[in-house]
Each structure stands twice: as C-alpha cells, then as structure tokens.
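Student: Pasting a structure below so you can have a look.
The values are calculated or read from the model by the stated rules, or taken from the named source; none is laboratory data. Remember, predicted model here, so these are calculated numbers, not experimental data. Every residue, glycine as well, gets a Cβ built from its backbone with ideal geometry; the counts of neighbours run over all protein chains shown. Each accessible area value is taken on the protein alone, full model and side chains, heavy atoms only, with ligands, DNA and RNA left out. Shrake-Rupley method; radii C 1.70, N 1.55, O 1.52, S 1.80 Å.
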Amino acid sequence: MDDNDSTWSLGGLAVFAAFVVAAGAYLTVRVTELAAAGRLGAPWPAAVLAAELLGASSVGLYALCLARRLPASLTAVARSGAGRVPPGTHVHVLVPCYTEALTIVAETVWAAAEADLPPGATSTVWLLDDGADPAKKEWVAGLACPRIRYVAGRARPAGEVNGKAANLNAALASIYPRGVGAKPPGPHEAVAVFDADQVCDRAFFKKTLPLLFEEGGVDGRGAPPSPSSPPSSSSARVGLVLTPQRYANVDERADIFNHSNRHFWEAMIPGLTSWGMVVCTGTNLVLRSTALMGVGGFPADTVTEDYLLGMELKMAGWEARYLAEYLAVGEAPEDGSLFRQRSRWCKGHLQALLSRAHCPLLQGRLSLLQRLLYASGAWAYITSAITTPLLSAVPVVALLSGGASPALPFALTPTLATAFLPYFLAVHAVVYWCDAPDLLRALWFGGVAARLLWWTYAKALWNTGLWALGLKRASRFKSTAKAGLGPSPSGRLAAAGGAAGLSPAASGEAAPAPSAPVAPSSPPPSVASWRDIWAPLLLAATSAAAAGVGIARIASGEEDSAALDVLTAWAAYNAVPPLLLAHYAWVGRGRSLRAACTLAALASTAVLAGAAFAGWLFLPPHIRGDAFGLGDRYTGGGGGLYAPAGPKAAFFADAILSALGADEAV
C-alpha cells in the first residue's frame, strides 16, 4: 500500500505509544510514593493526583486521534473538482438565522446560490428566518429567484431547548412532509447547512457532493448498511461530508481564544474519521437526505444538535467523509458572545453525557472505542474545568504558604524525577505534534485558550450538573451575536445579481443588494463581563504574586532549593495566558496584542525548554553526571530536593534506571 493510502500516522502512533508508556510509569510512581508516605488519602495530595489522572486521560484520548490519518486518495478526486454525481442530484441549502443583520445573511445566501455545481446537479437555497424579519422577507421577494426561498413563522413551543435545530426541522417538514401519500427523500437528494455568517466558496458543492454520492456506492436506494457489520470504505454508505471552518475576523497571530482551532480541524477530525467516527460540527456540510430523515432530523433536546447528529448517524450505520479544505469563511464572535458560545458547546456535550438517552457510554450500537471517543469531548471540558485551577494552585499554595521551604503535595524523590522527565516530554510531544510547522503557533494558542476558558467550562459543568439532578431547567440554545464585517466582505454580494441562472428576469439587471445597516440587526457584542473573566484573572494575580515571592527568595539566597526554582518558574508560566486576557479586555486587540502574544510565546517556550533542562538536571548524578557543577542544589543537598522513596517506588525506579542504562539503582 502506498504511504499516502495508509490510515496510520507513524509519527502520531509513536507519540501515542511514548505517551502511554511514560504516563503509566509516572503515574505509577506518583501513586506508590503517596501510598508509601501515607498521604494517599490526604485531601490536597489526593486532589492534585486526581487532577493529574484526569489530565493524562484527556491527553491520551487526544493522542489516540493523532495515531490515525485519512488517506490522501480518499478525497483526491473531490479536491480536483472533477468528481461526478448521479443525474438528477438536488441539494437543499439551509441557512438558518435569527437576529443576524440582513447584510450578513444576504452574503451567505448569495454565495450558496451562485456556487458552482457538478454537472447534472441542481440546488435550492432556503433562508430560514426564525426572527421573522420583514426586511429579509422583502429582500428575498425582491430577488424574484425561484431557487431562493424564504421560510418563517414556525410555532415556538414553551421550553424549547434548541431553536436552531427546531428551525431546521421545521424547514425539513416543509421539504419532506410526512403523512399518507407523502413522498420520501430521493436517493440523490442532499441537505447542506451554512450558519448565517458562513460564506461558501464557489467550488464548495463541486468538491463535496461527489464525496457524498459517487464514493458512497449509490445503488438507487440510498439505504444504510447494517450497523452490526461495518462496511468497507469501498461500499460504505456516506451520510455526511464535512469541511472545516475559518473566520475572516481572526488574526491567527493573536488568536488567544483559539477561534481557528486548527488542531481540531487538521489533526483531531481526520483521526476521528479514520477511526470510523461520524463527526458533525453544524455548518459547512452536506448530508444525504435519506440519512438525515432516517434519524429523525436534527436532535433538538440539547444545545449541540450537531454533536448528537453525528453520533445518531453513526449508530444508524452511516459513514462520513471529511474534506480537510477550507471552503467557507465566517465571522468569529467576540467579547461576551464568545464566552456564551463556548459555554453552549460545553453544556451541549455535558447534557448528552449526563442523559440516559444520549450518553455515548450507554449506546449499545457503538463499539467501546467509539463510546470513549464520542465521550471525549465532554471529558475534555470536564478535565479543563478541574485540572487547570487545581494544578495552577500547586505553586501558589507552596510559595505563599509562609513556610521556611515550599510545601508540596508530593515528594521530590529520585524516582519521581526519573519518571517525570519522560512524561513531561511525552505530554508536550502530544500537545505539539503536527505535520506542518506552521501549526505550532496555533497549538500554543490552543493551550492559552484552555487557561482562559476553564472558568466558563466550570460554570457550565456546575449548571449542567444541577440540571441533571433536576434542580435547574435545561440550558437553551442562544444564537451568537455577530458584529458584521461590512456590507459585503468578499465583494460577492455586489456581483451576485449578475450571476448566471440566479434570476429568471429577462432584463439581466442586478438583484437588489441590501443597504447597511438593515433592521433588525444583531445586538452589538457585549464586552466580557467580570463573571466571565474574574477567576482566570485572579489566578493570574496569585500566580504572579507567588512567582514574585519565589524570585525574592532566590535572590536573597536564604533558601538553596531546586524545588524553589521549579515552583517559581511554574507560577510565572501560569500567569502568562490570563495576562493576555487582561490585555485583550482593557489594553488593545490589534498590533499591541500581537506583540504581547509574541513575547508571551517566546517566554513560555523558554520556560518549557528550561523545565526540560531542569528535569534532566534532576536525574540522579550517576545518570546525568555533574558537568554543570551545580553541586548540592540539584543533587540532593541544601533544601532537600529529594525525599526518601518507599520500597515499591524504589523497586519501580530500578526498572526505569536499568532501562536508561544506569550502572546502579537508587
């Protein structure tokens, strides 16, 4: 088999294997040493250990994604734009909106309507206006284009959880009515979805529809295979084709909230799809109509209908294709809107995990691996909400405790030092593993975002937990406010009226473009409130104070301890990302934020490199020698870097040191 056709990533597989071995060794040492010291049941040491276990499990699931990749040949024809579809193929393009400005929505509608189609395919674009805006209705009517239709006025029941899903389902009910004599979806019909701000590329349908039909092995029935016998790639029934998202208003040099999310689009989804998962992200996608209607449409009982739809399609026996090409551009939320968006994503995953009907771990139609991978999204949110504050508190508590020497929830023993260094390196190999060097910056911003948003996830976890206990009503879908990028960011709107085939009008006059602003428009994004940012900023302040105390102790020379060095650097590292949040909120977001991010990236990289170097220095002298002449500070004297190891931990250290080629065990 050609390397390009392999579903295994040799580099990613090596990183995953290294992480599993290193994590197993390190966590075994942690548990045995705490048990030997009689501190396994002590609250603070046990809490820190639990946080480490949580973090390792989440990193391990991510590393599992890196072990697989998508064969290049799978989408080669689609990328060329030369793919074919069956004659009579028709795609219904759904553009749901609520209070977004007409200037935003019109751009999306026009782009979808004028997009090129494979030979023999046709399309209809549906503007699904849940806000019943008269201006939008008038604008569509003025186009006089039968391929662009306006839908509004659905009934909105009290207690509705997901308005977007209900809006989409109402449109599906019009397109595919049920009842006696109703005509089911044809085998060559598809549904595409674009969020109100997602402007698609002209080649979107030429590259996605062939993947949905040509490679799906259509036999005229459009029926899924049996879930009990997963089909091979050559005969799979493809129910979904997904493409990634990008945003015109995101500066990737200052993307502190990780809007670009490139590790998700370019590493995780290819891996998950290669493992056989159906991943749905709610926009920039096409669905086989028979697949969508076969699972009952868009799930409307959680606020993340896309996540559940992917799992429902998988359980129904459908497969997915992922085209890792950016074929649409949208607008990322800012300020208060972005915190609401991330909270909604978190709540939706948690609602599924904590419900009997949708919990991935309880789905008998999924394999054990699939259950774990579908649950990994919620698990990542839980892990971030718990581990970030707990592990960040370790150097703060130790340095501000007021004792003569740092108070730690673990003992810095030779065994721990020997086990920790490979684990530290393995974790960062996973976090920063990528095929393209230009991804490194995006991966760093992913870590920054996790440290800025943990409080948002913690609040979502608390509120969803109350809902699961019946103490609070379910969270509801709230649309994300968009400021708008101008009347026509890409220039397409101005030229759209002249596009061939859009209007039956013989005059050939350009279709009317909306003026800006058009009422009712989305409310302007709100500035991040204190309830969104106070906890990360408090963590930054305490970490900076702890680092200051550590620096003062080191400078005074009153304490000669390697533990003091490590804790001081750890506290300083933890203070950096929240300080970027403060800069974003109160200083600026343009050139100054880019400069601050560059300095922060350089500083944190230097600290990480120093930590790795210090980890090597922490190894027992007979392994690494003392070429740097550091004497007692890093070899067990002055301040007591090393504490005695328990018998089980010492036995485990023998194996590690022997594997490293040491002449003698500690």
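Student: Spot the failing condition for ARG68; the list is (1) touching a Phe, Trp or Tyr at 6+ places or on another chain (Cβ under 6 Å); (2) surrounded by fewer than 20 Cβ atoms within 10 Å (Cβ to Cβ); (3) farther than 30 Å from GLY163 by Cβ, and only one is missed.
Tutor: (2)
Student: Report, by residue number, each residue of the range 551-571 that is under 10 Å from VAL396 (Cα atoms) and open to solvent by less than 40 Å² (accessible area, probe 1.4 Å). Talk me through it step by step, then tell me what you get.
Tutor: First, the residues of the range 551-571 that are under 10 Å from VAL396 (Cα atoms): 567-568, 570-571.
The answer is LEU567, THR568, ALA571.
Student: For ALA121, which of the numbered conditions (1) buried (at least 24 other Cβ atoms within 10 Å of the Cβ); (2) touching a Ser or Thr at 6+ places or on another chain (Cβ under 9 Å) fails to hold?
Tutor: (1)
Student: Could you tell me how many of the residues in the range 323-339 are open to solvent by 10 Å² or more (accessible area, probe 1.4 Å) and either β-branched (Val, Ile, Thr) or over 25 Å from GLU107 (Cα atoms) (or both)?
Tutor: 1
Student: Just one of (1) open to solvent by 30 Å² or more (accessible area, probe 1.4 Å); (2) in contact (Cβ under 8 Å) with a residue 40 or more places away in the chain trips up PRO96, so point out which.
Tutor: Condition (1) is where PRO96 drops out.
Student: Out of the range 102-139, which residues are among the polar types (S, T, N, Q) and at pLDDT 95 or above?
Tutor: Once the filter is applied, which keeps residues that are among the polar types (S, T, N, Q) and at pLDDT 95 or above, the range 102-139 yields THR108, THR122, SER123, THR124.
Student: OK, next. So the check is Cβ under 9 Å with 6+ separation or different chains; which pairs have a first residue in the range 440-467 that's without any contact (Cβ under 8 Å) to a residue 24 or more places away in the chain and in a helix (DSSP H, G or I) and a second one that's open to solvent by less than 50 Å² (accessible area, probe 1.4 Å) and not charged (D, E, K, R)?
Tutor: Correct list of pairs: LEU440/CYS434; TRP462/ALA385.
Student: What residue, among those in the range 354-399 that are aliphatic (A, V, I, L, M), open to solvent by 50 Å² or more (accessible area, probe 1.4 Å) and not in a helix (DSSP H, G or I), is nearest to VAL48 (Cα to Cα)?
Tutor: In this case the residue turns out to be LEU354.
Student: Could I ask something else about it? Which residue pairs have Cβ atoms under 7 Å apart, sit 6 or more places apart or on different chains, and have a first residue in the range 306-330 that is under 12 Å from CYS280 (Cα atoms) and a second that is of a type in the set (D, E, K, R)?
Tutor: Going by the 7 Å Cβ cut-off, the qualifying pairs are GLU319/ARG237; ARG321/GLU215.
Student: Could you check SER80 against (1) modelled with pLDDT under 95; (2) open to solvent by less than 20 Å² (accessible area, probe 1.4 Å); (3) among the polar types (S, T, N, Q) and say which number it fails?
Tutor: Here SER80 meets the rest and fails (2).
Student: Among the residues of the range 248-300, what is the count of those that are assigned to a loop (DSSP other than H, G, I, E, B), touching a residue at least 60 places away in the same chain (Cβ under 8 Å) and of a type in the set (A, V, I, L, M, F, W, C)?
Tutor: Counting residues in the range 248-300 that are assigned to a loop (DSSP other than H, G, I, E, B), touching a residue at least 60 places away in the same chain (Cβ under 8 Å) and of a type in the set (A, V, I, L, M, F, W, C) gives 9.
Student: Sticking with this one: Counting residues that are within 29 Å of the chain's Cα centre (by Cα), which strands (runs of 3 or more DSSP E) fully inside the range 89-153 reach at least 1? Working first, answer last.
Tutor: Working: elements: 90-97, 122-129, 148-151.
Of the strands (runs of 3 or more DSSP E) lying wholly inside the range 89-153, those with at least 1 residues that are within 29 Å of the chain's Cα centre (by Cα) span 90-97, 122-129.
Student: Taking the range 105-117 only, how many residues are in contact with a strand residue (DSSP E or B) (Cβ under 9 Å, 6 or more places away or on another chain) and open to solvent by 20 Å² or more (accessible area, probe 1.4 Å)?
Tutor: Result for the range 105-117: 1.
Student: Scan the range 302-312 and tell me whether some residue there is of a type in the set (A, V, I, L, M, F, W, C) and closer than 20 Å to THR208 by Cβ. Steps first, please.
Tutor: Pass one, the range 302-312, residues of a type in the set (A, V, I, L, M, F, W, C): 303, 308-309, 311.
Then keep just the ones that are closer than 20 Å to THR208 by Cβ; that gives 309.
Yes, there is a match, as at least one residue in the range 302-312 is of a type in the set (A, V, I, L, M, F, W, C) and closer than 20 Å to THR208 by Cβ.
Student: Then there is this: What are the pairs, 6+ residues apart or on separate chains, where a residue within the range 27-45 that is at pLDDT below 90 has its Cβ under 6 Å from a residue that is of a type in the set (S, T, N, Q) and buried (at least 19 other Cβ atoms within 10 Å of the Cβ)?
Tutor: none
Student: Is there any pair linking a residue in the range 155-181 that is farther than 18 Å from LEU308 by Cβ to one that is at pLDDT 95 or above, with Cβ under 6 Å and at least six apart or on different chains, and which?
Tutor: Listed by first residue and then by second, the contacts come to ALA171/LEU94; ALA171/TRP126; ALA171/LEU128; ALA171/VAL151; ILE175/HIS92; TYR176/MET293.
Student: Here's something else I'd like to know. When the residues of the range 150-168 are narrowed to those that are crowded, with 19+ Cβ neighbours inside 10 Å and out of contact with any helix residue (DSSP H, G or I) (no Cβ under 7 Å at 6 or more places or on another chain), which ends up nearest to PRO299 (Cα to Cα)?
Tutor: The selected residue is ALA166.
Student: Okay, next question. Kindly evaluate MET315 against the criterion of being in contact with a Lys or Arg (Cβ under 8 Å, 6 or more places away or on another chain) and either open to solvent by less than 10 Å² (accessible area, probe 1.4 Å) or of a type in the set (Ser, Thr, Tyr) (or both).
Tutor: yes
Student: Provide a single number: the residues in the range 521-540 that are at pLDDT 90 or above and open to solvent by less than 60 Å² (accessible area, probe 1.4 Å).
Tutor: 7
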